[in-house]
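Asker: Input: one structure, supplied below.
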Amino acid sequence: MIKKPLNNSDDEAQPRVVLVDDDAAIRKATSQWLHLAGMAVRDYANAEQALSLLASESNVVVISDIKMPGMDGLEFSRKCGEIDPDLPVILITAHGDIRMAVKAMRDGAYDFIEKPIEPELLIDRIQRAWEKRQLVMENRKLKRMVNRGASLENRLLGRSPGIRQLRQQIVQLAETPVDTVINGATGTGKELVAQCLHEWSRRCNGPFVAVNCGAIPETLFESELFGHEKGAFTGATGKRIGKIEHAVGGTLFMDEIESMPINFQIKLLRVLQERKLERLGSNRQVNLDIWVIAATKVDLEQASARGEFREDLYYRFNVAELHIPTLADRQQDIPLLFEHYAQKAAYQFDRRYNQPSDAELECLISHPWPGNVRQLKNIAKRYVLGVGPSRGIHTLLGQASEPTDSPRTANGLAERVQLFETELITRSLKKHQGNIAEVMEELDLPRRTLNNKMSQYGIMRKEFIGGD
């Protein structure tokens, strides 16, 4: 009988079963029943073999006989509980073992069934156990996403809707990694987003290998990415593992993917499709367990329409696409980001950080920031390093003392006022660790006015409680 793999089911509703019984005839008959009922089954003659699988794949229902040589079903059930207390174990018991089965349930087993086994009863119990298991796994996933989302705020700073949506997408995508493209202008932090995807995924313990496609000479491209064998070409004095193979077990990040020469794009497409490669000068294929993340600052769909990027490679990456907003599109995050990078620079260079004046804050917010976060980080560092308040942020940005980059329309002024008020409120909340009374006193605002503005600007008090 062909067994379906436990972790590659075509139907998420299909129960996956691990069957343990030392009787080969019973194992075969039971497996056939369950297989005909639409279940994926993997059977084992002893508990020790099954435990090795359960250590890595626990989204299953376990069926085990009690009386077995070596490790019996009761000990096996306890071992399953050590792997995962919520792992459902159904014990198969003879009439004389019922007392033991009841005790096993008190110790954590899910259920027991008496011999001789009725197929309909067994299938019904498995289905119930599987449904309960899926609820447990879904709840765990939601908790993991909430926890990861909270900690991700410390890596991707910002309270703007665009950056909040990006953090949510990262957490969701990291749960089920598919080949991904990150689209963002220069300086928006594409590599940081790729690192977050890697660190929040199950591949976090594997390597994160970054390749800048625009920085590799075309003559070295194949060797750099695919590797080569000794003697593959003049100067190949030894075997070299390429960047793609080096990322096995982890994540391959390919920055500036639009810069990859067309003739190499077809080779990359084949690697992505087959998850195999051949080193230059070798006839042996290497299996690849990698997650590929590409980054680009151009519209790949338009580039493929112009013949500058292979259309089939674009559609390969088009399964999941993340867009990073420019700094101009997330103006409300500018004061927070500037303070973060300035304080970091002050600590790094042992300098004092003087908070910008109100006029300087307005100048920061109104600046167009063509270099995005990278430019802001540079300005914050220069501000701390000694250009200082005597010359001010206006000078660093090449502006007059009065900001002129924002439109002087009523809408433009209103937007800048909102951004300025948001910064004042969030700065005070951070200073007083969410103490509303102290914020009201410092800003001289009535409670109702403060509440209305916090609601209007999407400021959450809980984000500042117990802050540093």
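The values are calculated or read from the model by the stated rules, or taken from the named source; none is laboratory data. Bear in mind the structure is a predicted one, so any value in this text is a computation, not a measurement. Here the Cβ is made from the backbone with ideal geometry for all residues, glycine too, and neighbour counts use every protein chain on show. The accessibility values were calculated without ligands, DNA or RNA, using every heavy atom of the protein model including side chains. Shrake-Rupley method; radii C 1.70, N 1.55, O 1.52, S 1.80 Å.
Asker: State whether one or more residues within the range 214-234 are open to solvent by 30 Å² or more (accessible area, probe 1.4 Å), touching a helix residue (DSSP H, G or I) at 6+ places or on another chain (Cβ under 8 Å) and under 13 Å from ILE290 (Cα atoms).
Answerer: No, that holds for no residue.
Asker: Go through the range 314-325 residue by residue and tally those that are open to solvent by less than 90 Å² (accessible area, probe 1.4 Å) and under 23 Å from GLN195 (Cβ atoms).
Answerer: Looking only at that region, the number is 8.
Asker: Can we say LEU396 is surrounded by 15 or more Cβ atoms within 10 Å (Cβ to Cβ), in contact with a helix residue (DSSP H, G or I) (Cβ under 7 Å, 6 or more places away or on another chain) and modelled with pLDDT under 90?
Answerer: So LEU396 fits the description; yes.
Asker: Could you grab me the full set of residues in the range 274-307 that are more than 26 Å from the chain's Cα centre (by Cα), within 22 Å of HIS323 (Cα to Cα) and open to solvent by 80 Å² or more (accessible area, probe 1.4 Å)?
Answerer: The answer is GLN302, ALA305, ARG306.
Asker: A further question on this structure: Confirm whether LEU53 is part of a helix (DSSP H, G or I), within 17 Å of PRO15 (Cα to Cα) and either free of Cβ contacts under 8 Å to residues at least 24 places away in the same chain or not acidic (Asp, Glu) (or both).
Answerer: Spelling it out, LEU53 is indeed part of a helix (DSSP H, G or I), within 17 Å of PRO15 (Cα to Cα) and either free of Cβ contacts under 8 Å to residues at least 24 places away in the same chain or not acidic (Asp, Glu) (or both).
Asker: Could you list, in sequence order, the residues of the range 105-124 that are touching a Lys or Arg at 6+ places or on another chain (Cβ under 8 Å) and assigned to a helix (DSSP H, G or I)?
Answerer: none
Asker: With assigned to a helix (DSSP H, G or I) and either touching a Ser or Thr at 6+ places or on another chain (Cβ under 6 Å) or surrounded by 14 or more Cβ atoms within 10 Å (Cβ to Cβ) (or both) as the only criterion, which of ALA210, ALA174 stands out?
Answerer: One residue alone meets the criteria, ALA174.
Asker: Of the residues GLY158, GLY184, GLY189, GLY149, which single one is surrounded by 15 or more Cβ atoms within 10 Å (Cβ to Cβ), small (Gly, Ala, Ser) and modelled with pLDDT under 85?
Answerer: GLY149
Asker: Right, next: Can you say whether ARG330 is under 23 Å from the mean Cα position of the chain (by Cα) and buried (at least 20 other Cβ atoms within 10 Å of the Cβ), as far as the supplied structure shows?
Answerer: Yes, satisfied.
Asker: ARG167: of a type in the set (Lys, Arg), buried (at least 17 other Cβ atoms within 10 Å of the Cβ), over 30 Å from GLN332 (Cβ atoms) and modelled with pLDDT of 90 or more, yes or no?
Answerer: Judged against the criteria, ARG167 is not a match.
Asker: How many residues, within the range 421-450, are at pLDDT below 85, part of a helix (DSSP H, G or I) and aliphatic (A, V, I, L, M)?
Answerer: Selection size over the range 421-450: 2.
Asker: Could you say whether any residue in the range 376-389 is among the β-branched types (Val, Ile, Thr) and surrounded by fewer than 18 Cβ atoms within 10 Å (Cβ to Cβ)?
Answerer: yes
Asker: Which members of the range 180-205 meet the condition of being touching a residue at least 60 places away in the same chain (Cβ under 8 Å) and in a loop (DSSP other than H, G, I, E, B)?
Answerer: GLY184, ALA185, THR186, GLY187, THR188, GLY189, SER201, ARG203
Asker: Taking the range 79-103, which residues are small (Gly, Ala, Ser), in a helix (DSSP H, G or I) and open to solvent by 10 Å² or more (accessible area, probe 1.4 Å)?
Answerer: Those that are small (Gly, Ala, Ser), in a helix (DSSP H, G or I) and open to solvent by 10 Å² or more (accessible area, probe 1.4 Å): GLY81, GLY96.
Asker: Here's something else I'd like to know. Consider the range 224-266. How many of its residues are part of a helix (DSSP H, G or I) and over 30 Å from the mean Cα position of the chain (by Cα)?
Answerer: 1
Asker: Give the residue, chosen from GLY242, GLY250, GLY307, that is free of Cβ contacts under 8 Å to residues at least 24 places away in the same chain, among the small types (Gly, Ala, Ser) and more than 30 Å from ILE365 (Cα to Cα).
Answerer: Exactly one of GLY242, GLY250, GLY307 is free of Cβ contacts under 8 Å to residues at least 24 places away in the same chain, among the small types (Gly, Ala, Ser) and more than 30 Å from ILE365 (Cα to Cα), namely GLY307.
Asker: Here are GLN134, GLN127: which of them is closer than 30 Å to ALA194 by Cα and either in a loop (DSSP other than H, G, I, E, B) or at pLDDT 85 or above (or both)?
Answerer: Just a single option satisfies the conditions, and that option is GLN134.
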